[in-house]
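Remarks on the structure that follows.
The values are calculated or read from the model by the stated rules, or taken from the named source; none is laboratory data. Since we're looking at a predicted model, the values are computed, not measured. As a convention, Cβ positions derive from the backbone with ideal geometry for all residues, glycine included, and neighbour counts pool all protein chains shown.
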Amino acid sequence: MIGAVFFIFGATGDLAKRKLFPAIYSMYREGKLGENFAVVGLARRPRTNEQFRKDVCESINQFARYSIEEDESCSSFAEHFQYMSLDINNVDGFKALRGLTEELDEKFQTGGNRLFYLALAPELFGNVAFNLREGGLLETEGWHRLVIEKPFGYDLPSAQKLNTQLRQVFEEQDIYRIDHYLGKEMVQNIGIVRFANAFIEPLWNNRHISNIQITLSETVGVEERGGYYDHAGALRDMGQNHMLQMLAMMAMEPPSRLLPEDIRDEKVKVLRSLRAFTSSDDVRANVIRGQYANGETEGKALSAYREEDSVNTNSTTETYFAARVFVDNFRWAGVPFFVRTGKRLPAKTTEIVVEFKNVPDNVYLTEKHELEPNLLVFRVHPVEGIHLKMNAKQPGGEGSVIPITMDFAQSSVVGMNTPEAYELLLYDASRGDSTYFTRWDEVAHAWEYVDKIAAAWKETTEDLQLYPAGSWGPEGANELLEKDGFKWWPVHGQE
Ligand code: BG6
């Protein structure tokens, strides 16, 4: 059972409301939290404890997997919540927070354990960390951990600066950098499927796999995040983190032990082996970028990115990118990893397709057979499961071969019975398991890779391709695969 005080900085924000309070509630309902915990909500605006508790219960009503109606526990749950208005630049506020924390430690018998969750703009992380120390909040008999949201910097130098600020106060082992894709069930399942199945690992290399395709498609546009997004773009928003993390999980060597550092060491080796782009031409030959223009979905008109709120009307920010990535090591030499992500595409889908090499020319490969390569698909969202495409005899046919599929669907559609990524991650952080959080060297190598692309893109925007909102993105993304004789396999929502 976890005893701790959880500090939610940014407690009146969207993340707290949609993800964090519901995640804490699920942990509570599942008995993982027990009763020895308190949650302190912190933000600038004034709020009474009553108001805050009401907000928490409302957010649970709206967003949690477990409904409160079935169980009258919200008020007893909300008893664990306190609110304090805090100016994060003023150390006196932190000193007062220390006083409150000690009372809560006593009341809830938390063992002095403290988890600081910064659901704030990254520019504020450094100040908060510093004031936590100055305010005496780290002087405790229990553990203290810092959980931070992305983006972790804008490029390598800014990430380094941020990291230096945090490391002046926290040890690396106490910093939990969230990449919420690592909290997704099927992303966590990649390692198990790969390393716990005798028939997969022997084939998992360049002798048997021809290419790997990772798709993260979204139907949403930038919504109300235009200000942030126009500065970041798809490469920084999804590529540097979620995309490269999934690629690393697919490509890593088996860890020698199932310990966080061993697993993260293997991921770092992959990120270090990414083939760096050698020139701007090299970037343009391997990375396609696009931006959504006017379009439509199901008969409904969708406006162009440049017409979105807080977006520059001449913006050249990419809302889509696709890339051909190589991992230059013994296992993967010559195998392209094709990745793509975009906003305003026709389906919200996350999938990883592993395409195996064809069997050698043999007697089954005659004209009447539709022999297709074997595919192993990790379905992350919306369906969670594994899908295997094989060739088999057509029943009743004259010995014809047809592709068949074997499907394992973990939940028919991601929903109430699947723990939210934030639930898994918050639980892991509170029990000190950092496996599914990104270590500093992973972040740094990912920036190094992405910065080369961003630098080439800065030189000219000629290669930016517009695509209609509601379509599958720019044509260039298809050409990228055609050059190698491949095609994007349809993902869920595209078939
Ligand atoms: C976030 C990005 O990290 O991930 C968003 O900032 C994106 O732009 C989101 O929409 C997608 O997450 P999920 O879990 O909905 O696929």
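For Glu298, state whether it is within 16 Å of the ligand (Cβ to nearest atom) and either of a type outside the set (A, V, I, L, M) or in contact with a helix residue (DSSP H, G or I) (Cβ under 6 Å, 6 or more places away or on another chain) (or both). No, not satisfied. A search for C-beta distances below 6 Å between a residue of region 86-103 that is within 9 Å of Asn131 (Cβ to Cβ) and any residue that is β-branched (Val, Ile, Thr), counting only pairs 6+ apart in sequence or on different chains, returns Ile88/Val128. Determine if region 194-213 includes at least one residue that is closer than 30 Å to Val311 by Cβ, of a type outside the set (Gly, Ala, Ser), within 16 Å of the ligand (Cβ to nearest atom) and buried (at least 21 other Cβ atoms within 10 Å of the Cβ). Taking every residue of region 194-213 in turn, none turns out to be closer than 30 Å to Val311 by Cβ, of a type outside the set (Gly, Ala, Ser), within 16 Å of the ligand (Cβ to nearest atom) and buried (at least 21 other Cβ atoms within 10 Å of the Cβ). Restricting Lys348, Lys393 to those that are surrounded by fewer than 16 Cβ atoms within 10 Å (Cβ to Cβ) and under 18 Å from the mean Cα position of the chain (by Cα) reduces the list to Lys348. Within the option set Phe152, Phe94, Phe170, being of a type in the set (A, V, I, L, M, F, W, C) and either closer than 20 Å to Leu20 by Cα or at pLDDT below 95 (or both) holds for one residue only, Phe152.
Can you tell me which residue is farthest from Gly126 (Cα to Cα) among those in region 139-166 that are away from the ligand (no atom under 16 Å from the Cβ), without any contact (Cβ under 8 Å) to a residue 60 or more places away in the chain and surrounded by 18 or more Cβ atoms within 10 Å (Cβ to Cβ)? The qualifying residue farthest from Gly126 (Cα to Cα) is Thr140. Taking region 164-216 as the range and being within 14 Å of the chain's Cα centre (by Cα) and among the acidic types (Asp, Glu) as the test, the residues that pass are Asp179, Glu185. Looking across region 448-482 at every residue that is assigned to a loop (DSSP other than H, G, I, E, B) and of a type outside the set (Gly, Ala, Ser), the one that is surrounded by the fewest Cβ atoms within 10 Å (Cβ to Cβ) is identified as Glu462. The residue of region 77-87 that is farthest from the chain's Cα centre (by Cα), among those that are in a loop (DSSP other than H, G, I, E, B) and surrounded by fewer than 21 Cβ atoms within 10 Å (Cβ to Cβ), is Glu79. Of all residues in region 223-237, those that are more than 18 Å from Asp155 (Cβ to Cβ) have Cβ atoms under 7 Å from Cβ atoms of residues that are polar (S, T, N, Q) and more than 8 Å from the ligand (Cβ to nearest atom), 6 or more apart or on another chain, in Gly226/Ser310; Gly227/Ser310.
So which residues in region 248-264 are within 19 Å of the chain's Cα centre (by Cα) and away from the ligand (no atom under 16 Å from the Cβ)? Correct list: Ala248, Met250, Ala251, Met252, Pro260, Ile263, Arg264.
One residue alone among Gly233, Gly239, Gly221 is crowded, with 19+ Cβ neighbours inside 10 Å, part of a loop (DSSP other than H, G, I, E, B) and within 13 Å of the ligand (Cβ to nearest atom), and that residue is Gly221.
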